[in-house]
Amino acid sequence: MRKLTYYIACSLDGFIGDPGGDGSEMVRFADEDLAAFVKAEYPETLPTHVRRALGIDDLPNKRFDTIIQGRGSYDVALEEDITSPYAHLREYVASSTLKESPDPNVEIIADDLVGKVRELKAEDGEFGIYLCGGSKIAGELLDEIDELVVKTYPLVYGAGMPMFGSGFAISEFTLESVRTFGNGALVRTYSRKR
């Protein structure tokens with residue numbers, strides 16, 4: 001069974017973006033140490049155009065071969081005229097409003113997101129599934145998430161888009177590792193407690 005991993009950046013108070021969903025304030029913490037960590041441990045989480053710019057487009061995938069993202073996350077790429085932001089992965093976009101994919105590499109999941117994720121998790125393969133965001137689909141998929149990789153930045157938003165846009169539901173995870181960085185960021189990895 002393949003794992004669904006929610007790999008996400010957030011503020012100290014658990015927001016992945018401001019009230020409009022913009023998380024670009026966190027980008028300023030991407031120093032050399034953190035960038036080296038991401039390139040070494042999670043290279044496939046970098047969009048294809050970023051991998052090319054960094055000269056790491058030929059790095060093999062380490063953890064994921066599939067990505068699922070929400071419409072809001074996908075729109076960030078579309079605004080830059082990038083229709084396949086993760087061309088090095090099998091791409092899915094969960095959207096009830098995007099009726100047709102603008103790219104043959106991107107499949108739209110218009111309904112039964114949970115069913116599609118269960119189908120993907122049941123496939124054979126050594127690599128997992130990267131849940132890129134956003135808040136709403138993370139909330140919908142909370143029971144399917146096997147692992148959390150949370151990059152926390154030393155910012156307090158006070159309000160904004162939460163990591164999980166869902167109703168009240170307690171789900172327990174076990175801390176597996178913590179990596180700290182000189183810029184105040186930390187990366188925590190949790191596995192679902194079943």
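Specify which of the listed residues (Ser101, Ser177, Ser135) is buried (at least 16 other Cβ atoms within 10 Å of the Cβ) and free of Cβ contacts under 8 Å to residues at least 24 places away in the same chain.
Among Ser101, Ser177, Ser135, only Ser101 is buried (at least 16 other Cβ atoms within 10 Å of the Cβ) and free of Cβ contacts under 8 Å to residues at least 24 places away in the same chain.
Give the number of residues within the stretch 119-143 that are of a type in the set (A, V, I, L, M, F, W, C), in contact with a Lys or Arg (Cβ under 9 Å, 6 or more places away or on another chain) and closer than 17 Å to Ser191 by Cα.
2
Out of all the residues in the stretch 40-60, which are surrounded by 17 or more Cβ atoms within 10 Å (Cβ to Cβ) and either under 17 Å from Ser84 (Cβ atoms) or out of contact with any strand residue (DSSP E or B) (no Cβ under 7 Å at 6 or more places or on another chain) (or both)?
Pro43, Glu44, Thr45, Leu46, Pro47, Thr48, Arg51 - these are the residues of the stretch 40-60 that are surrounded by 17 or more Cβ atoms within 10 Å (Cβ to Cβ) and either under 17 Å from Ser84 (Cβ atoms) or out of contact with any strand residue (DSSP E or B) (no Cβ under 7 Å at 6 or more places or on another chain) (or both).
Condition first: of a type in the set (A, V, I, L, M, F, W, C) and surrounded by 16 or more Cβ atoms within 10 Å (Cβ to Cβ). Now tell me which residues in the stretch 143-174 satisfy that.
Matches in the stretch 143-174: Ile145, Leu148, Val149, Val150, Leu155, Met161, Met163, Phe164, Phe173.
It is to be established whether one or more residues within the stretch 142-161 are farther than 11 Å from Cys10 by Cα and in contact with an Asp or Glu (Cβ under 6 Å, 6 or more places away or on another chain).
Scanning the stretch 142-161, I find no residue that is farther than 11 Å from Cys10 by Cα and in contact with an Asp or Glu (Cβ under 6 Å, 6 or more places away or on another chain), so the answer is no.
Given the criteria within 19 Å of Gly133 (Cα to Cα) and either touching a strand residue (DSSP E or B) at 6+ places or on another chain (Cβ under 9 Å) or among the hydrophobic types (A, V, I, L, M, F, W, C) (or both), does Ala185 qualify?
Considered against the rule, which asks whether it is within 19 Å of Gly133 (Cα to Cα) and either touching a strand residue (DSSP E or B) at 6+ places or on another chain (Cβ under 9 Å) or among the hydrophobic types (A, V, I, L, M, F, W, C) (or both), Ala185 comes out as no.
Specify the residue that is farthest from Ile16 (Cα to Cα); the eligible residues are those in the stretch 138-172 that are of a type in the set (Val, Ile, Thr) and in contact (Cβ under 8 Å) with a residue 40 or more places away in the chain.
By that ranking, first place goes to Ile145.
No value in this document is a laboratory result; all are computed from the given coordinates. Just so we're clear, the structure is a prediction, and the values are computed from it rather than from any experiment. A quick note on method: Cβ atoms are made from the backbone with ideal geometry, for glycine too, and the neighbour counts reach across all protein chains shown.
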